[in-house]
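We did not get these values from a lab; they are worked out from the coordinates using the rules stated. Bear in mind the structure is a predicted one, so any value in this text is a computation, not a measurement. Neighbour counts run over all protein chains shown; Cβ positions are idealised from the backbone, glycine included.
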DNA sequence: GTCTATAAAGCGATAGAC
DNA sequence: GTCTATCGCTTTATAGAC
């Protein structure tokens, strides 16, 4: 599990995020890590339900069937729990975005790739996205979470540059504003976290397809 | 945002004490005192900044230059403040929506009208929209705010019916999902409250125009 | 209409027993 | 690894003086 650059400068390594290498050891370190991972997942469910600020450490402890004080055996603070969730999300999505950009396909395919990646995170990173939307204003003013703003800036550059390239190549209409269009896309994707539930009529890629259809060609008949 | 600027003038609400003797304005239901209105506006600014739950009554009192206890001379509870803000917003937007629907224009014009109304509320109802987005999950489970869900359902029906009518008349493509499309539009408009600030490059109707352009015809060149 | 003063509950976090 | 017990602080809200 490589720790990519989204949160460099952190004093100590954190346990692996989801999808990482499985620990096979049966030592106490491995058990501790699994316990910790489990608690992070419980916290994530609650954050996804109502956001970070609105979730109390007592809520998390209740969910785990322990007392709130016991949580502090595993975590320094409530902040460090959400940090773990957010950093995992940002590391993953940034890496995926960069890969698509580096493939250097034409702007239409690149935009479609970015959109698909974004929709694909709705399910596995529901908590991070909810927190991002509900608690952004609070978190961005906390020194520890400065990496959020840095990552967002990098992401914006990727999208806006791609849209501009598409306009220069005559693929996208010249009379749309690249930054405004980026925001429209970004917001529409993330906000779906409020109502999207896997197992419904459409999965996240069906949602992405519908969105790409409307975004590229509009709802008008031609 | 400073204390006095929003309500310059501060006319005659003086002789009316409290304790029963209400001032009857011209009209029916006793105009709320201007002091009260001023306080609601201050609270709204704070709710718009960081949401309802994250705003404390002390924050509101500080902004007004009084102590938190003094607020309870004007309001029953923090809930009743946000209720006033939300009810005002919903009353206004529902009336405006209904008017557009009742004009019975063709679906394209009707959708454009609804979109313009929605964008038009971004500025005057910033607080209500922010609260709607940040605290919806919390508020909808409070009995007092059951009207929020009812209004939302009615709004959804208006949009979805209009989109379906447009499809039946051959104006909108048949391969888009009406409900999904409604959600896309709704979310994209409201989420703009996070970054839209009047006085920027585009006003809210410029934003609406850009959005309608993309939504009707897409970003592709044809 | 605002103040002083405070209640009752909840918050994040800590210390030390087991 | 969890519990008991609690600290210091903040929260919404109330009572009564002025």
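Of note:
- Histogram of C-alpha separations across the protein assembly as shown, 10 Å bin width, %: 4, 18, 27, 25, 17, 8, 2, 0
- Three-way shape call for the stretch B:166-213 based on the alpha-carbon gyration tensor, with the a/c threshold at 1.5: oblate
- Shown here: the stretch A:52-129, whose C-alpha atoms stretch 54, 18, 18 Å along the first, second and third principal axes, sorted largest to smallest.
- Most mobile listed residue (A:184, A:94, A:158) in chain A, GNM with C-alpha springs under 10 Å: A:184
- For residue A:138, inter-copy label distances in nm, listed shortest first [label point 7 Å out on the Cα-Cβ vector]: 0.8
- The stretch A:132-207: relative contact order in percent, alpha carbon pairs under 8 Å with at least 6 residues between: 23
- Debye intensity ratio in log₁₀ form over the Cα atoms of the stretch B:97-154, taken at each q of 0.20, 0.24, 0.29 Å⁻¹: -0.87, -1.00, -1.11
- The alpha carbons of the stretch A:83-222 stretch over 46, 34, 26 Å along the principal axes, in descending order.
- For chain A, the longest principal axis of the Cα atoms and the long axis of helix A:178-191 meet at an angle of about 40 degrees.
- For chain B, the longest principal axis of the alpha carbon atoms and the long axis of helix B:107-121 meet at an angle near 30°.
- Legend: mean number of C-beta atoms from other chains within 10 angstrom of residue C-beta atoms, peptide B:184-191, equals 5.
- Note on chain B: helix-only mean residue ellipticity at 222 nm, from DSSP H runs of 4+ residues weighted -39500 (n - 2.57) and normalised by residue number, equals -19500 deg cm²/dmol.
- Average other protein chain Cβ within 10 Å of Cβ, residues A:135-148: 1
- Mean separation of Cα contacts under 8 Å (6+ apart) over length of chain A, as relative contact order %: 23
- For B:208-219, mean number of other protein chain Cβ atoms within 10 Å: 6
- Highest mean first, the peptides B:196-209, B:109-122 sorted by other C-beta atoms within 10 Å per residue fall in the order B:109-122, B:196-209.
- Using a 7 Å Cα-to-Cβ projection, residue A:34 label spacings across copies, nm, ascending: 7.0
- Compared with the dominant Cα axis of chain A, that is its longest principal axis, helix A:28-50 is turned about 50°.
- Using a 7 Å Cα-to-Cβ projection, residue A:154 label spacings across copies, nm, ascending: 4.8
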